[in-house]
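First comes the structure, then the notes that go with it.
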Amino acid sequence: MSEPQPNPWCRVLGIETPTLEAIANHPEANHYTRLLVALLERGEPMTLEQVAERIEAAGIAERSRALQSLKRCRPGRPPVYREGDHYTLDPHDDELDLWVFTLGLRPPKVRTPAPPPELEPLPGPETPLTTDELDEAFRNRSLSQWSAQRLALAILDAHGEPLPAIDVVQWLDARTRYHRLKVDSARTSLRRKGSPVSVREDGRWAIAADTEEPLEAMRTAVRALVETARRQPPRTSPEELEQLRERWDAKRRAHQVELTAMSRALIVAFPETKPEAAALLDVETKALRTFIGAELGDLPARLEPYDIIGAVSVRPLLRSLGIELGDRRVAELGPPQKTRQLNRRGRTLTLTTELLIQGSCNISRPFGDPNTMAGYLRDGKHGRLRRRLEADLKSLYAMYQYGRLHGMLRLRWGFLDEGLRVPWVHADEETLFDLTHRALDSGRPLEVVAGTAPGWADPWARKQRVSVQSDPEGRRPWLVDEHGRVIEEADVQLARLVE
């Protein structure tokens with residue numbers, strides 16, 4: 001009998017189908033994470049009532065209390081999305097992958113260090129220290145909380161004989177610079193009554209008589225540091241760190257190539273709730289196609305080859321068009337957050353796609369008037385409707401490309417001028433940040449288009465060559481045009497490295 005296969009969501013994540021019982025006692029378990037696991041377990045959208053029933057069946061909480069908690073936990077935030085009364089998952093969302101790991105549903109993607117070996121018992125406080133023990137305890141450690149007397153006592157105990165003051169301090173300096181033992185200041189404290197270290201007439205330091213109690217307390221403290229040092233994993237060498245960095249960079253570049261090769265399409269539709277017309281844009285070729293009335297029946301077949309589909313309110317839109325997503329990715333091009341608080345009084349600004357296009361691409365009227373478009377549709381003026389839909393799609397494309405270049409969109413309103421990170425750009429995709437650092441490392445210039453959105457027919461018509469300059473550490477690169485003027489990165493619409 002063959003084993004059951006994981007559902008489509010779990011297959012994308014590369015995990016076996018989990019159960020709610022498996023995370024019942026997990027420290028990160030709450031009603032939001034239980035919602036995630038219930039959806040992964042079912043492999044299809046669920047209502048909150050269905051999730052609450054499943055939580056009750058798992059013996060975690062009574063149904064009515066679970067339902068009340070589910071409603072309060074903001075269940076519709078990514079990676080969960082609401083579709084009517086049902087909640088669904090985006091299996092490609094990085095946040096979901098992180099939750100899967102946090103809940104112990106998949107192993108770590110990097111090699112975990114081996115468990116520390118069993119330690120041999122250390123000698124008791126009656127046994128003098130050795131220089132090897134002291135070296136292990138003090139090397140590269142902060143000892144600023146240790147008194148000069150205790151430090152000197154430890155070094156003299158390990159060497160087993162009186163030592164010149166300068167030798168004691170130099171021995172400690174060779175192992176750590178984070179200490180308070182100095183020859184001049186220590187000489188004064190060592191001459192105090194009751195000091196466990198005495199200063200001889202010839203200047204050498206020695207362990208004073210009748211110091212069993214402070215001596216044993218010091219040995220116990222030092223050996224506690226030895227035990228701590230031995231339990232720590234071995235430090236990674238610079239060579240190993242470089243190898244790890246190279247492997248990570250290679251993995252990131254491979255994923256970047258994979259993401260770049262994905263075919264992408266953008267859609268706009270009118271009206272939004274029950275579309276009677278739609279326009280489709282191939283992001284790679286910039287080919288436009290509109291569908292009106294009965295032509296909409298051809299749209300699902302046209303979208304079939306694409307790996308990523310982007311639109312405003314993309315999931316409800318695709319559902320209204322009767323398009324099944326399957327394992328494909330979606331790019332939600334609506335605002336990444338609904339509002340922005342303006343002041344302490346609680347005044348808020350409602351964020352819209354139009355506002356973000358205006359701030360990012362300087363397009364004053366990105367979308368057509370809905371009433372005008374409704375008139376075109378009612379009066380059968382399909383030519384004008386097609387042109388208007390295509391113009392809307394071009395505005396959406398400009399915003400999409402800006403977001404891919406920067407990893408964020410620009411919000412400008414009144415005194416506000418800030419960036420909002422967009423969830424549809426993966427961290428491994430190349431952005432302007434990566435391009436500027438590549439240019440800085442190679443000494444090559446960039447070609448950029450700045451200001452308003454690029455033209456549709458010839459997007460590079462307004463290109464200008466810029467050099468990348470930075471501070472001495474190379475941490476803050478900036479763009480300088482051929483006339484010595486600084487170009488704000490947020491104004492850049494297109495950028496490429498000059499070959």
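Checking each residue in region 228-255 for being basic (K, R) and in a loop (DSSP other than H, G, I, E, B) picks out only R235.
Let's see how each residue does on (1) of a type in the set (S, T, N, Q); (2) closer than 15 Å to W456 by Cβ:
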position: R344; (1), (2): no, no
position: S360; (1), (2): yes, no
position: D369; (1), (2): no, no
position: G383; (1), (2): no, no
position: Y400; (1), (2): no, yes
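Can you name the residue in region 350-374 that is in contact with a helix residue (DSSP H, G or I) (Cβ under 7 Å, 6 or more places away or on another chain) and aliphatic (A, V, I, L, M) and, of all such residues, is surrounded by the fewest Cβ atoms within 10 Å (Cβ to Cβ)? Among those that are in contact with a helix residue (DSSP H, G or I) (Cβ under 7 Å, 6 or more places away or on another chain) and aliphatic (A, V, I, L, M), it is I363.
Regarding region 116-131, can at least one residue be identified that is in a loop (DSSP other than H, G, I, E, B), hydroxyl-bearing (S, T, Y), in contact with a helix residue (DSSP H, G or I) (Cβ under 8 Å, 6 or more places away or on another chain) and closer than 27 Å to A224 by Cβ? Checked against the condition, which is being in a loop (DSSP other than H, G, I, E, B), hydroxyl-bearing (S, T, Y), in contact with a helix residue (DSSP H, G or I) (Cβ under 8 Å, 6 or more places away or on another chain) and closer than 27 Å to A224 by Cβ, region 116-131 yields at least one hit.
Checked against (1) within 27 Å of the chain's Cα centre (by Cα); (2) polar (S, T, N, Q); (3) at pLDDT 95 or above, T112 passes all but condition (3).
From the list L325, L296, the one residue that fits, being part of a helix (DSSP H, G or I) and either closer than 26 Å to D85 by Cα or touching a residue at least 24 places away in the same chain (Cβ under 8 Å) (or both), is L296.
Among the conditions (1) assigned to a strand (DSSP E or B); (2) modelled with pLDDT under 95; (3) within 30 Å of E95 (Cβ to Cβ), W424 misses just one, which is (1). Of the numbered criteria (1) under 26 Å from the mean Cα position of the chain (by Cα); (2) under 29 Å from R410 (Cα atoms); (3) at pLDDT below 95, the one D327 fails is (2). Whenever a residue of region 76-87 is within 13 Å of P316 (Cβ to Cβ), it has no partner that is surrounded by 14 or more Cβ atoms within 10 Å (Cβ to Cβ) and small (G, A, S) lying with C-beta atoms less than 8 angstrom away and at least six residues away or across chains. When residues in region 182-227 are screened for being of a type in the set (V, I, T), without any contact (Cβ under 8 Å) to a residue 40 or more places away in the chain and surrounded by 12 or more Cβ atoms within 10 Å (Cβ to Cβ), 2 of them pass. In this entry, L393 is excluded by the filter for residues that are touching a residue at least 12 places away in the same chain (Cβ under 8 Å), of a type outside the set (S, T, Y) and touching a Phe, Trp or Tyr at 6+ places or on another chain (Cβ under 7 Å).
Being in a loop (DSSP other than H, G, I, E, B), free of Cβ contacts under 8 Å to residues at least 40 places away in the same chain and either outside the structural domain of D93 (by TED's automatic domain parsing) or among the charged types (D, E, K, R) (or both) is a property that E258 lacks. In this entry, A224 passes the filter for residues that are under 39 Å from the mean Cα position of the chain (by Cα), within 30 Å of F138 (Cβ to Cβ), not charged (D, E, K, R) and not in a strand (DSSP E or B).
Within region 434-451, residues that are under 13 Å from L479 (Cα atoms) have Cβ atoms under 7 Å from residues that are outside any helix (DSSP H, G or I) and among the hydroxyl-bearing types (S, T, Y) in these pairs: L440/S470; P445/S467, counting only partners at least 6 apart in sequence or on another chain. Looking across A152, A137, A158, one residue alone is at pLDDT 90 or above, buried (at least 18 other Cβ atoms within 10 Å of the Cβ) and touching an Asp or Glu at 6+ places or on another chain (Cβ under 8 Å). It is A158. Output the residues belonging to region 316-337 that are over 19 Å from T273 (Cβ atoms) and of a type in the set (D, E, K, R). Across region 316-337, the qualifying residues are E324, D327, R328, R329.
The values are calculated or read from the model by the stated rules, or taken from the named source; none is laboratory data. Since we're looking at a predicted model, the values are computed, not measured. We place every Cβ from the backbone using ideal geometry, glycine too, and count neighbours over all the protein chains shown.
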